[in-house]
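Encoded as structure tokens, the structure appears first; notes follow it.
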């Protein structure tokens, strides 16, 4: 704080020599206090601009939502067959006990992961592309581009109950259903 030392003479008023010291910024919160009345006054002066910008944003959002194509999603659910222990898995089980391996080391967290990997394989995707002529539908020439489009529209996930859910989105509802069933 700033202060001024002064001598007080008899017969003089001590308030005549007083210096008014403004409060320090640290005392009132660093000078970042916003007066709510001033804020409301500023907002009330700019209410026309705020209203116009809000209205413009709403109009643009409505136009964009009307111009976007409708997408339909079809979902198929399959129950993968329960695996019986084959000679290969039995031999792998014996080797894993010797080598200290288990199914988690091989990347198989649950039996459905193998089926999901098969459904997402290049072979399955290429057969779907050929069967439904997806290169023409997606307006691409290369299989790689058609595969990317198909992958972005397909969602394959294993559920807790052991089921595998296959969802496919497309602009044509019949094609979405056919693609989802085509995976199966």
Members of region 161-184 that are more than 16 Å from residue 128 (Cα to Cα) and out of contact with any strand residue (DSSP E or B) (no Cβ under 8 Å at 6 or more places or on another chain): 161, 162
Enumeration of residues in region 137-166 that are out of contact with any helix residue (DSSP H, G or I) (no Cβ under 7 Å at 6 or more places or on another chain), outside any helix (DSSP H, G or I) and at pLDDT 90 or above: 139, 142, 154, 155, 157, 165
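May I ask you to say which residue of 110, 102 is modelled with pLDDT under 55, surrounded by 10 or more Cβ atoms within 10 Å (Cβ to Cβ) and under 30 Å from residue 160 (Cβ atoms)?
Values: 110 fails: modelled with pLDDT under 55.
Of the residues listed, the single one that is modelled with pLDDT under 55, surrounded by 10 or more Cβ atoms within 10 Å (Cβ to Cβ) and under 30 Å from residue 160 (Cβ atoms) is 102.
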Number of the condition not met by residue 160 [criteria: (1) more than 20 Å from the chain's Cα centre (by Cα); (2) under 17 Å from residue 178 (Cα atoms)]: (2)
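Take residue 183 and decide whether it is farther than 24 Å from residue 80 by Cα and either surrounded by 13 or more Cβ atoms within 10 Å (Cβ to Cβ) or modelled with pLDDT under 90 (or both). Quick ask: steps written out before the conclusion?
Details: farther than 24 Å from residue 80 by Cα: no; either surrounded by 13 or more Cβ atoms within 10 Å (Cβ to Cβ) or modelled with pLDDT under 90 (or both): yes.
No.
The values are calculated or read from the model by the stated rules, or taken from the named source; none is laboratory data. All values reported here derive from a predicted model rather than from experimental measurement. Cβ coordinates were reconstructed from backbone atoms using ideal geometry, including for glycine residues, and neighbour counts include every protein chain displayed.
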